[in-house]
Amino acid sequence: MKLKTYISLILILAGTAFVSAQIKFEAKLSKNKLGVNERLRVDFEMNKDGDNFNPPSFENFMVVGGPNQSVSQSWLNGVRSFSKTYSYFLAPKRTGKFTIGQASIEIDGETYKTIPVTVEITPAVDRPNDPDNAVAVADDNIHLVAEISETNPYLNEAITVVYKLYVSPNTGVSNWQEIDNPKYNSFWSQNIDMKGMKVENGTYKGQDYRYVVLRKTVLYPQKTGKLEIEPLSLNLTVEVPTNRRDIFGGRLMTQVHKTVSAGSKTITVKPLPEQGKPADFTGAVGTFDFKVTTSKANLNATESLQATVEVSGNGNLKLFQLPKLTLPSSLEVYEPEHSENVRTDLNGMHGSISDDYTIVPQFKGKYPIKSISFSYFDLNTERYKTISSGDIVIDVLEGPTNASTSDNNFVSSGNGKQRVELSNNQFAFVKSNPNLSAIEPDYFFKTNLFWASLLTPLLLIPLAIVIRRKKDEREADVYGNKIRKADRLAKRYLGEAKKALGKKEEFYVALEKAFHNYLKAKLHIETSEMSKDRIKTLLSQKGVDAATIAEFTSILNNCELARYTPITNVEMQKDYDRAAKTISVIDKELN
């Protein structure tokens, strides 16, 4: 009897050891049937750790989360249990019956595969208001909102769009990813850089929520009528409380994946009134000051002076043209140099823009610069306003007189007309007795100069051939030419920044302007299209490496931030070298 008992016990222990030694690797679905608007969780579980895990392709699904890896171990009555899981969260692309293929993993040198599983995707379903349904809880407690400052603005009036993510106190968000970025068609747009994200307390539809500001954008509408602001959409990993509790009584959380959207918004843009519109109005909208100044009032001929036409204030500073100076024809005037000192915040653009004219008088006299005017639409009074610069007189003290014949014996001068006295000896310079003498003949034929003139072209032919071959080789060197061209462009666009090294504000303004001018030249885009997202897209489409684009964006960000933080000369030199290198690399990589 005892022998039979021992044998039975041995067989039971052996069977238990055999079962525990079996390796399991299987796929588990959160649902076998779900709507196209729901999410599917797929878990690949194994009872022993392995290497080289390979998931299936997940055809007909979009992976919105994962892989998330979890490991658990426990000891029960001296027996160890182990479990490792790879989890994926999938969004169906369409309805139908689909098979999720095999996953594979290597355990103890052997390859194990899961059995394919089938799932049915039905049309969209209405989710019940079930407090135990984690997806429904996430729907009720996570909201993405686009707050617009003005829905009925004037043409070229600044409006702001602030995107806020509201989360209820009992829910959390562990990860988020943008999937749809607004393009802001028919708007001039600029995103406002944000330094970190701060969680704040607020209310949503009368309920207490926490929220974080994800993005701030300033828009200037460029068309009238109804304009649509495209939605911002996010994929979120949401932490939702469950009815389960841990050994200390704390509520356990579960993760669900959710897509939220701020929804498209429509604004109605009013045209600027036609009544009272000045003839010289070029589209300025806001509150502005206008002035024309000169660097000198008195100077001598051939000296130069600067005349500056400047508009400053708050409004669409980058979206209109400055009035042109009207100068006397006797003054030599060079093409104006345009400069911008503009910053953008939630109130729109602030700062100034100016045109600097270099003027060089050639003659003595007084030269008037006629008054010019600047007109803008004032948003505070909703009326047009015009500011005149006033007349300016340039007094040239020393120099030649500008004389032009106006009648028979008069010339004009700086002091009026003077009679020209004619002399009886006006042809005295013509000699009547030249005293000419014979010149000895000088033979050129067979002289040293003759032979040099004859042979030099023949000797230059081989040199010309060598030079021509070198030129052809240089032109055929496509890669080398790209490098040389890129370096020339970098020096050309960064010249002003190099001059301003050591002057922080001027240096970073010049560096940012150099980047913008380079992009306008190479990508053929206007200032109104100059946004970081647009730049990234165009550079990527033209074959520029992602690392180079990231470096380019990093330098642009540094230009914006460095103006407001302490910077040493060494750091400015490093930023200049980085900028020159990046422009050169981009020019070589552009298709």
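The values are calculated or read from the model by the stated rules, or taken from the named source; none is laboratory data. Everything quoted here is computed from the prediction, not taken from an experiment. Heads up, the Cβs are rebuilt from the backbone with ideal geometry, glycines too, and the neighbour counts pull from every protein chain shown.
State whether one or more residues within region 344-356 are under 28 Å from Glu398 (Cβ atoms), assigned by TED's automatic domain parsing to the domain that holds Lys385, assigned to a loop (DSSP other than H, G, I, E, B) and of a type outside the set (A, V, I, L, M).
No, region 344-356 contains no residue that is under 28 Å from Glu398 (Cβ atoms), assigned by TED's automatic domain parsing to the domain that holds Lys385, assigned to a loop (DSSP other than H, G, I, E, B) and of a type outside the set (A, V, I, L, M).
Residues that are touching a strand residue (DSSP E or B) at 6+ places or on another chain (Cβ under 8 Å) and modelled with pLDDT of 85 or more number at least 3 in the following strands (runs of 3 or more DSSP E) confined to region 150-203: 159-167, 187-191.
Within region 557-574, being within 15 Å of Val342 (Cα to Cα) and at pLDDT 70 or above holds for one residue alone: Cys559.
Per-residue answers, yes or no, for (1) at pLDDT below 80; (2) surrounded by fewer than 11 Cβ atoms within 10 Å (Cβ to Cβ); (3) not in a helix (DSSP H, G or I):
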residue	(1), (2), (3)
Lys446	yes, yes, yes
Thr456	no, yes, no
Arg468	no, yes, no
Ala486	yes, no, no
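Scanning region 103-123 for residues that are within 12 Å of Ile23 (Cβ to Cβ) and in a loop (DSSP other than H, G, I, E, B) returns Asp108, Gly109. Ser312 meets the stated requirement of being surrounded by fewer than 19 Cβ atoms within 10 Å (Cβ to Cβ) and at pLDDT 95 or above.
Among the basic types (Lys, Arg) and more than 24 Å from Thr553 (Cα to Cα), is that true of Lys205?
yes
Filtering region 241-271 to residues that are at pLDDT below 90 and either in the same structural domain as Val63 (by TED's automatic domain parsing) or touching a Lys or Arg at 6+ places or on another chain (Cβ under 6 Å) (or both) leaves Pro241, Arg245, Arg251, Leu252, His257.
Look through Glu332, Glu340, Glu274 and report the one residue that is modelled with pLDDT of 90 or more and part of a strand (DSSP E or B).
Working: Glu332 fails: modelled with pLDDT of 90 or more; Glu274 fails: part of a strand (DSSP E or B).
That would be Glu340, the only listed residue that is modelled with pLDDT of 90 or more and part of a strand (DSSP E or B).
Would a scan of region 535-542 turn up a residue that is modelled with pLDDT of 75 or more and not in a helix (DSSP H, G or I)? Among the residues of region 535-542, at least one is modelled with pLDDT of 75 or more and not in a helix (DSSP H, G or I), which makes the answer yes.
Could you identify the single residue in Ile179, Ile148 that is β-branched (Val, Ile, Thr) and more than 30 Å from Gly315 (Cβ to Cβ)?
Ile179
Are any of the residues in region 358-366 within 30 Å of Pro271 (Cα to Cα) and at pLDDT 85 or above? Checked region 358-366: no residue is within 30 Å of Pro271 (Cα to Cα) and at pLDDT 85 or above.
Results for (1) surrounded by 13 or more Cβ atoms within 10 Å (Cβ to Cβ); (2) assigned by TED's automatic domain parsing to the domain that holds Thr254; (3) at pLDDT 85 or above, shown as yes or no for each residue.
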{"residue": "Arg80", "(1), (2), (3)": "no, no, no"}
{"residue": "Ser83", "(1), (2), (3)": "yes, no, no"}
{"residue": "Leu90", "(1), (2), (3)": "yes, no, yes"}
{"residue": "Lys93", "(1), (2), (3)": "yes, no, yes"}
{"residue": "Gly96", "(1), (2), (3)": "no, no, yes"}
{"residue": "Ile100", "(1), (2), (3)": "yes, no, yes"}
{"residue": "Tyr112", "(1), (2), (3)": "yes, no, yes"}
{"residue": "Thr118", "(1), (2), (3)": "no, no, yes"}
{"residue": "Pro128", "(1), (2), (3)": "no, no, no"}
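Would you confirm whether or not region 195-215 contains a residue that is hydroxyl-bearing (Ser, Thr, Tyr) and under 26 Å from the mean Cα position of the chain (by Cα)? Scanning region 195-215 turns up no residue that is hydroxyl-bearing (Ser, Thr, Tyr) and under 26 Å from the mean Cα position of the chain (by Cα).
In region 58-65 there is at least one residue that is of a type in the set (A, V, I, L, M, F, W, C), under 23 Å from Thr254 (Cβ atoms), part of a loop (DSSP other than H, G, I, E, B) and modelled with pLDDT of 85 or more. Has region 173-190 got any residue that is crowded, with 16+ Cβ neighbours inside 10 Å, over 30 Å from the mean Cα position of the chain (by Cα) and more than 26 Å from Gly66 (Cβ to Cβ)? No, every residue in region 173-190 fails to be crowded, with 16+ Cβ neighbours inside 10 Å, over 30 Å from the mean Cα position of the chain (by Cα) and more than 26 Å from Gly66 (Cβ to Cβ).
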